[in-house]
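Structure, as structure tokens:
The values are calculated or read from the model by the stated rules, or taken from the named source; none is laboratory data. Fair warning: this is a prediction, and the values are worked out from it, not measured in the lab. Here the Cβ positions follow ideal geometry from the backbone for every residue, glycine too, while neighbour counts run over all protein chains shown. In case anyone asks, the SASA skips ligands and DNA or RNA and just uses the protein heavy atoms, side chains included. Shrake-Rupley method; radii C 1.70, N 1.55, O 1.52, S 1.80 Å.
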Amino acid sequence: MHVTTLCLGALVFGDATGYEINKMFEDGPFSHFLDASYGSIYPALTRLTEEGLVTCKAEPQERRPDKKVYSLTDKGREQLSDALGRQLAPDKFRSEFLFTVLFAHLLPRSRVRALVDQRLAAMKEKAAQLSEPQEDDTPGMDFARQYGHAVFTASIDFLERNRHQIEEIATEEKAHA
């Protein structure tokens, strides 16, 4: 999905600065799904402003540059609806963990065990974060939260039941001494 669509979606929830939109992708409601960075958000907001899909209002701040606050226009809302109605690209699962365990046969068993332990701990933390709805969640956000919780729970179960398979193909420690 194009970053301009992501920015339009973020502004559905209310006026926001580029910093606030970025936070939605870092640790907010979008952090579980898609990536967007300052380097892509600000050019997208400029383009959206030029196209009349968002407005930008400068708010003065003491001893700092003016804060730019973006708002979704009716035209922007229509553009978002059109974009959401298009065919979706297939999901891509990106995982440094899975890439690394592709090469488990080259790693010492202790490293593979540590990787699995770290992955399980991180997944359990994410599952716990997703276990309860947030006060201001929309119904769609709640559905996505529940979906994410189910995915993390299933992944935890899979790793706990099958970790022996990846650990067994790792090399003995003395091979790396």
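If you check every pair at least six apart or on different chains, which have Cβ atoms under 7 Å apart with a residue in the stretch 51-65 that is within 20 Å of residue 14 (Cα to Cα) and at pLDDT 95 or above first and a residue that is open to solvent by 60 Å² or more (accessible area, probe 1.4 Å) and not in a strand (DSSP E or B) second?
Short answer, once both residue conditions are applied: 52/75; 53/75; 53/79.
If I ask for residues that are buried (at least 17 other Cβ atoms within 10 Å of the Cβ) and either closer than 15 Å to residue 94 by Cβ or touching a Phe, Trp or Tyr at 6+ places or on another chain (Cβ under 7 Å) (or both), which ones from the stretch 33-42 would you list?
36
Does residue 83 satisfy the criteria of being of a type in the set (Gly, Ala, Ser), farther than 28 Å from residue 133 by Cα and open to solvent by less than 30 Å² (accessible area, probe 1.4 Å)?
So residue 83 fails the test.
Test each condition in (1) within 21 Å of residue 82 (Cβ to Cβ); (2) at pLDDT 95 or above; (3) not hydroxyl-bearing (Ser, Thr, Tyr) for residue 15 and report the one that comes out false.
(1)
In the stretch 12-21, is there at least one residue being in a loop (DSSP other than H, G, I, E, B), open to solvent by less than 60 Å² (accessible area, probe 1.4 Å) and free of Cβ contacts under 8 Å to residues at least 60 places away in the same chain?
So far as the stretch 12-21 goes, yes, one or more of its residues are in a loop (DSSP other than H, G, I, E, B), open to solvent by less than 60 Å² (accessible area, probe 1.4 Å) and free of Cβ contacts under 8 Å to residues at least 60 places away in the same chain.
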